[in-house]
Structures are given as C-alpha cells and as structure tokens.
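*Asks:* Starting off with a structure, shown below.
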Amino acid sequence: METNRGAAEKEIPGWLCLREPGRGGGKNLSGKRPVLERTLKSVLSFFDDAVFNEEVSKKKNMFLQGTDPRVKMLIILALLAALSFVKNPAGMLPYAAFCVLAAALSGVPLAKYFKRLFPALLFTSVIALPAAFNLIVPGRPLLMVLKPGAAFAKTGIFITEQGFFSAVGLILRVLVSLMLIFLLTFTTRPVDFIKTAGSFAPGFLKTLMSVSYRYIYFLARRLEEFIFVQRARGLGRGGGRERAWAGARGAALLLLALELKDELKFAMEARGVSGHSIREHRQKKFHFGAREAALLLLALTAVLA
C-alpha cells in the first residue's frame, strides 16, 4: 500500500507538463512570448542599458571617462550644433570618424555601440528612402527602377540624384547625431550626467532631474516585477485579456508614482526642506587637462575636416 502511494506521489500529472500560454518561462505553445511582454521587456532593456548602465562609464582610466563631464558635454553639444549646419553627406563622415575613434579610445564595445543605431537606421530609412524617387523629388535620373510603360509612359520610375543625396544626408545626420549622444551616455555615469546637466539649469530643475532619475529607476523595476508576475501566473492570455492587464498595470503604476510623490513631499517637509532651501549638488572643481585638450583637438579636427 505504501509502495503504491509512493509511486503515485512520484508520478507527475500530465496537465502539469503542458506549456500553457504565459507559463513555462513566459512562452506560449508556439514557443514565443506574448507580444506585450516582448515589447515591454525590449523597452525596459533598452532603457536600462541606455540610462542606468555603468559597465563602461565606471572605467576612469579610459579616455572619455577620465574627462571632465562638463567639458565633454559642452564639446559634444557643440558638435551637434555644428553638424546641423553641414549640408553635404561627405562632410558628416569626419564627425562619424570622431565618434568611432573616441569610442575605441574609451573602451566602448563597438558592436554594442553600433547595435543601438540599428532601430534609428531602420526607422529613418523608411521615412527618407521614398524621397529618393522621382515621384516625390524631381531631378536627374541616377538609377532606373521601372522603365517607361503603360502606366508611366513618359518618365518611368527612377531614383533621382537630388533625392538620393537628400535621403542619404538625412540618414547620416540622424545616425551621427545619435552616435554623439550615445558616446556621451556610454562614457558618463548616470549620477555625473544628472549633475552635469543640472549645472546648466536652475536649482529647482537640478533637484527635479535628480529625484526623477532615482524614481524612474524604481518604477522601471516595479514594471519589470509586474511582467514577471504576469508571466509566472499565466495572466493576460489572449489579445483582450492582455490589453486589460496592460491597462490595469498602467493605472497601478500611475497610482504608485502619485503615492511616491506625496511620500517624498511629506518627507521633505518633515525635515524642514522647502523649495528655496534645497542643498544643491556640489560639483568637482572645473578641470581642463591633457585629456580635455585632446578631446577638443579631435573635435576641432572633425569640424574643420
């Protein structure tokens, strides 16, 4: 009797072995995770990597990491402003070369660096490439796509020289601008980035940025916990239930943010803090040394090339 009972207890019911939607690692029967979960996880992963990643920025012995953050931010902002006046696509290549060289000297993983540019490349190409055709931008033929026929008896469809260089210029401008921005975020610790950006803003904006950074991180982690609970309990299966779950979690996250705001306000008032008595972050003494001079020289070379 005891033997049969032990055998029955060791036997796992068949329905527990089924991989249902939302269970078994969050995958459905086809082996794919729900669309909502994949989207939220991708957004959180990008946000976490772009804003809170310190894997590269904490290497103080590297080129840009050891540069004064204020000098670095001013130079990159100046490069972004100069890039906006460049009309020729070839004139944007020195800016791209500056980004690649600075990233290599700073120990930034180039594969990860360029991987961040792919979504922008795809999105910008969808917008810009149609303008390369003569149906949108008239001009001299560069590449014939569809010869003149019944529907296009006179001109046909071809890529114009003017439209092609306009599309390439737009794509390059977006990519190089993002390369400059990612170069700054990769090599600057988030806390230093907030302090540096706040040094160019009034005191209350500096405090707002600092508090927002800390609580955005907390809320992002809570959203990740919501996704884990939804996956573990198999909730939100199907389009309608999944949308209802997303709406409910969005409302819960909003209420949590409002509660955190009230708690923060009461905590500051209890400590005698007012809007005019907030102690500002102390910045390190402004430093302009060999690394800052080398960065400025590289930037001038890219602008004047």
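The values are calculated or read from the model by the stated rules, or taken from the named source; none is laboratory data. None of the values given here were measured: they were computed from a predicted structure. Backbone-built Cβ (ideal geometry, glycine too); neighbour counts: all protein chains shown.
*Asks:* In this structure, is G234 farther than 30 Å from A90 by Cα, modelled with pLDDT under 80 and touching a strand residue (DSSP E or B) at 6+ places or on another chain (Cβ under 6 Å)?
*Replies:* Numbers: farther than 30 Å from A90 by Cα: yes; modelled with pLDDT under 80: yes; touching a strand residue (DSSP E or B) at 6+ places or on another chain (Cβ under 6 Å): yes.
Considered against the rule, which asks whether it is farther than 30 Å from A90 by Cα, modelled with pLDDT under 80 and touching a strand residue (DSSP E or B) at 6+ places or on another chain (Cβ under 6 Å), G234 comes out as yes.
*Asks:* Right, another one. Kindly indicate whether R173 is within 26 Å of the chain's Cα centre (by Cα) and charged (D, E, K, R).
*Replies:* Spelling it out, R173 is indeed within 26 Å of the chain's Cα centre (by Cα) and charged (D, E, K, R).
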